[in-house]
């Protein structure tokens, strides 16, 4: 009887050790892929210097991209492609953005450690997770209920405690938490929503894809100066899923 119990304990122990070894190998595998992804987006930054105006992302943005486990923000069936430098479907007709575009939009915001950021379009939560590594508070809005609920659970499970999410129409922003140091919009829209302009702090920055649905848009950098005047600059052509809502 005692021998049988010992055998069961040993079997359980071996199973646990095998599980831990498998998880370690998987973690190392994804870490290597993530490093390769970072090298690819850094190369893209150098290649697109004429369009963007700078040949490298900030060290803090690179560290954030290196830290966030992108494979956990894509469906399990897509994890083998998680660190490829391209967008991936996440369900509900939505996508997780190309890593280069995530890094570029994040870098354009010039995030500071004391900043409060508004994100329109939580999606799977990946962009919010990257921002959470860089700023004090992230407020993120998703209009698709099921997607908003799943990303909220994932961000909580991964202990991104400075990210607050809600399911709502992002066109109206989040007036209760305004003003924001910066605003990032991850869906293409024909114009810059006036409520978001109002909720942007003086001296703040917005990055938003502006243009027609299902066509090439222009990634647009919006600046509000200390007097409240607005200037815009087109960065590069992009294609995002369309902005949805009551606008």
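Side notes on the structure shown:
- Residue under evaluation residue 207, criteria (1) part of a strand (DSSP E or B); (2) touching a helix residue (DSSP H, G or I) at 6+ places or on another chain (Cβ under 8 Å); (3) over 20 Å from residue 97 (Cβ atoms), criterion not met: (3)
- Test: residue 101 is out of contact with any helix residue (DSSP H, G or I) (no Cβ under 6 Å at 6 or more places or on another chain) and over 24 Å from residue 233 (Cβ atoms): no
- Filtered by the rule that a residue be under 23 Å from residue 48 (Cα atoms) and at pLDDT 95 or above, the range 212-235 gives 217, 218, 219, 220, 221, 222, 223, 231, 232, 233, 234, 235.
- Scanning the range 64-99 for residues that are part of a helix (DSSP H, G or I), under 13 Å from the mean Cα position of the chain (by Cα) and either buried (at least 21 other Cβ atoms within 10 Å of the Cβ) or free of Cβ contacts under 8 Å to residues at least 12 places away in the same chain (or both) yields 64, 65, 70, 73, 99.
- Of the residues making up the range 165-186, at least one is at positive phi and touching a helix residue (DSSP H, G or I) at 6+ places or on another chain (Cβ under 7 Å).
- In the condition set (1) assigned to a loop (DSSP other than H, G, I, E, B); (2) farther than 14 Å from residue 105 by Cβ; (3) out of contact with any helix residue (DSSP H, G or I) (no Cβ under 8 Å at 6 or more places or on another chain), residue 240 is compliant with all but (2).
- Those residues of the range 144-190 which are assigned to a loop (DSSP other than H, G, I, E, B) and within 14 Å of residue 206 (Cα to Cα), in sequence order: 173, 178, 179, 186, 187
- Some residue of the range 110-126 being touching a helix residue (DSSP H, G or I) at 6+ places or on another chain (Cβ under 6 Å), free of Cβ contacts under 8 Å to residues at least 40 places away in the same chain, within 28 Å of residue 180 (Cα to Cα) and in a helix (DSSP H, G or I): no
- Residue match in the range 136-151 (condition: within 16 Å of residue 240 (Cα to Cα), touching a helix residue (DSSP H, G or I) at 6+ places or on another chain (Cβ under 7 Å) and either in contact (Cβ under 8 Å) with a residue 40 or more places away in the chain or buried (at least 23 other Cβ atoms within 10 Å of the Cβ) (or both)): yes
The values are calculated or read from the model by the stated rules, or taken from the named source; none is laboratory data. This one's a predicted model, so the numbers in the text were calculated from it and none came from an experiment. Quick reminder, even Gly has a Cβ in these numbers, built from the backbone with ideal geometry, and neighbours come from all protein chains shown.
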